[in-house]
Amino acid sequence: MTSHLGELHDREMPNVGTFPASSDDWQVYPQPLDRRDVAHLLRRVAANPTAEELDGFAGQTPDAVFQVLAGESSRYHEFEADLRPLEEAAVRSSAADAYRTWFMRRLVLSPCPLREWMTVFWLEYFGLGIDRVGDLALFDDVVRSMRRLALGDFHELLSAVLLHPAFLLNVRAPANYRSDPNERVGAAILRTCLGYREQDFSVQARELARAFSGRFINRGRLRVSTFERDTGEKAILGRCKAYEAEDIPRLIGEDARTVSWTVRRLYRWFGGDTRMPGDDFLKPPAERLRQTASVAETVRMILASRWFFSDTVRRQKLRRPLEFTAAILRALKGRVTLRTVTELTAMGQDILQPTTLDGWPDAGNYLSPPALIQRMNLVAKLVGADENFGGGLARGAVETWGDHLPNALTDVMTDQVIPADISARWEELCDRYAASSGRREQVAASMIYLLAVSPVFQTA
């Protein structure tokens with residue numbers, strides 16, 4: 001199987017076409033979703049569909065499915081009530097590994113998966129990492145704010161993060177004196193919210209830093225010193241006023257460059273990472289975000305569009321280790337364990353620590369031959385009988401689907417498509433599964449492994 005995965009690493013990135021391909025690209029997808037549409041949507045918003053989602057969402061409109069994925073149903077509140085005490089216990093004991101496990105459980109099991117995965121999006125957007133913040137309680141607090149506002153008002157979200165003590169700790173700026181503005185603050189805002197790079201910072205980083213003067217973090221608490229506040233005028237993004245820190249989130253959020261950059265990040269998150277379009281193509285969702293400041297409305301516009309369901313978008317996004325691992329666990333109702341999350345970190349993607357302020361590396365960086373072998377090893381552990389990795393996906397799959405296992409696996413993992421390079425092996429395993437009686441777990445494990453390490457499963 002290594003050679004097949006190697007083809008994925010070495011291949012040229014697909015060209016997704018000219019932008020805009022059609023003036024109707026951002027119109028609402030005009031028909032009810034079929035199972036293939038549902039699978040595509042769920043791969044992008046929740047890593048992978050479950051069998052129940054394929055059955056339940058087929059025949060519905062994109063908007064109706066969006067409401068379920070983004071809404072806070074009674075099931076979601078029950079899920080939250082069960083999981084939150086576990087997170088709180090991890091925070092009280094400063095158990096970051098346990099907190100990682102509960103975070104991963106949200107991504108795999110939450111009845112509101114879009115909100116949870118949008119929390120990951122914002123975690124990467126702001127480059128917030130547990131090691132950089134250095135305080136699990138503060139990190140948990142800002143993550144909860146991001147989760148609450150993940151699909152809410154963009155300006156309110158910016159305020160919740162940029163004015164939070166965790167933000168200053170994350171950029172190594174716990175002390176901000178009037179006489180010596182900490183330009184790391186301004187540089188981080190320009191980099192994460194507007195997409196600036198170092199050569200573009202010029203005086204803007206210093207002017208933004210002046211607005212944050214007088215803000216100090218002491219023992220995990222924000223202290224504001226009136227004496228150290230810089231009350232003078234600051235020239236920021238073409239405007240001149242005696243701005244203070246509380247003014248910055250809205251000033252940043254209303255800037256056209258922030259809106260454009262944020263929509264580009266959303267495009268990469270939901271649309272694919274093979275090629276970036278020009279500003280003209282992204283103008284409609286950018287206008288939606290600018291006019292409404294609603295993340296939900298902007299995301300809804302992307303996910304319900306003709307463009308999103310076109311063949312130029314399907315399977316054009318490579319899965320990073322987090323998405324790959326969550327996809328397997330969601331598809332097969334696997335248990336989230338500490339060892340699985342530890343393996344994920346070893347694969348290069350710490351769920352609580354974007355590598356830099358720019359986020360995690362692009363997916364292609366996780367597809368080197370050694371990295372692909374790590375994926376294969378993880379799948380082997382997940383389908384085995386080791387309780388440290390959930391006790392065996394294969395056994396649960398056999399108990400759930402019985403004689404229908406081959407069709408069910410292709411349904412949730414490959415859109416009923418078996419790649420030509422594994423079709424002969426797949427047919428052989430299907431025959432063995434049909435002929436076997438009694439314990440079928442070993443054959444089922446081989447079937448799951450074959451699909452999970454195939455090139456098609458590395459894409460979303």
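The values are calculated or read from the model by the stated rules, or taken from the named source; none is laboratory data. Since the structure is predicted, the reported quantities are computational estimates derived from the model, not experimental observations. Because the Cβ atoms are built from the backbone with ideal geometry, glycine has one as well, and the counts that use them run over all protein chains shown.
So Asp280 ticks every box in (1) over 24 Å from the mean Cα position of the chain (by Cα); (2) at pLDDT below 95; (3) buried (at least 20 other Cβ atoms within 10 Å of the Cβ) but one. Which box is left unticked?
Of everything listed in (1) over 24 Å from the mean Cα position of the chain (by Cα); (2) at pLDDT below 95; (3) buried (at least 20 other Cβ atoms within 10 Å of the Cβ), Asp280 misses just condition (3).
Which condition breaks for Pro111 when tested against (1) in a helix (DSSP H, G or I); (2) under 20 Å from the mean Cα position of the chain (by Cα); (3) within 25 Å of Gly390 (Cβ to Cβ)?
(1)
Per-residue answers, yes or no, for (1) at pLDDT 95 or above; (2) in contact with a Pro (Cβ under 7 Å, 6 or more places away or on another chain); (3) within 20 Å of Tyr99 (Cβ to Cβ):
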site: Val299; (1), (2), (3): yes, no, no
site: Leu303; (1), (2), (3): yes, yes, no
site: Leu322; (1), (2), (3): yes, no, yes
site: Ile328; (1), (2), (3): yes, no, no
site: Lys333; (1), (2), (3): no, no, no
site: Arg339; (1), (2), (3): yes, no, yes
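Answer yes or no as to whether Ala242 is at negative phi and among the hydrophobic types (A, V, I, L, M, F, W, C).
Taking the combined requirement at face value, the residue satisfies it.
Scan the stretch 338-348 and give yes if some residue there is in contact (Cβ under 8 Å) with a residue 60 or more places away in the chain and farther than 29 Å from Asn170 by Cα, otherwise no. Talk me through it step by step, then tell me what you get.
So in the stretch 338-348, the residues in contact (Cβ under 8 Å) with a residue 60 or more places away in the chain come out as 338, 340-342, 344-345.
Then keep just the ones that are farther than 29 Å from Asn170 by Cα; that gives none.
Checking the stretch 338-348: not a single residue is in contact (Cβ under 8 Å) with a residue 60 or more places away in the chain and farther than 29 Å from Asn170 by Cα.
Suppose the filter is farther than 22 Å from Lys317 by Cα and buried (at least 19 other Cβ atoms within 10 Å of the Cβ); does Val412 pass it? Steps first, answer last, please.
On the way: farther than 22 Å from Lys317 by Cα: no; buried (at least 19 other Cβ atoms within 10 Å of the Cβ): yes.
When the stated conditions are applied, Val412 does not pass them.
Looking at Gly396, Gly438, can you tell me which residue is farther than 30 Å from Arg314 by Cα and of a type in the set (Gly, Ala, Ser)?
Being farther than 30 Å from Arg314 by Cα and of a type in the set (Gly, Ala, Ser) holds for just one of Gly396, Gly438, which is Gly438.
Just checking, does the stretch 55-64 include any residue being crowded, with 20+ Cβ neighbours inside 10 Å and not in a loop (DSSP other than H, G, I, E, B)?
Initial filter on the stretch 55-64 (crowded, with 20+ Cβ neighbours inside 10 Å): 57, 62.
Then drop every residue that is not not in a loop (DSSP other than H, G, I, E, B), which leaves 57, 62.
Yes: the stretch 55-64 contains one or more residues that are crowded, with 20+ Cβ neighbours inside 10 Å and not in a loop (DSSP other than H, G, I, E, B).
Against the conditions (1) more than 21 Å from Glu323 (Cβ to Cβ); (2) modelled with pLDDT under 95; (3) in a helix (DSSP H, G or I); (4) touching a helix residue (DSSP H, G or I) at 6+ places or on another chain (Cβ under 8 Å), where does Arg75 fall short? Just the number, please.
Exception for Arg75: condition (4).
Residue pairs, Cβ under 6 Å, 6 or more apart or interchain, first in the stretch 39-53 and closer than 12 Å to Ala326 by Cβ, second at pLDDT 95 or above and not in a helix (DSSP H, G or I). List them.
Close Cβ pairs (under 6 Å, with a partner that is at pLDDT 95 or above and not in a helix (DSSP H, G or I)) amount to Leu42/Pro49.
I'm told Ala47 meets every condition in (1) touching an Asp or Glu at 6+ places or on another chain (Cβ under 9 Å); (2) at negative phi; (3) small (Gly, Ala, Ser) except one. Can you identify the failing condition by its number?
Result: Ala47 passes all but (2).
Of all residues in the stretch 59-113, count the ones that are on the phi > 0 side of the Ramachandran plot and assigned by TED's automatic domain parsing to the domain that holds Asp34.
1
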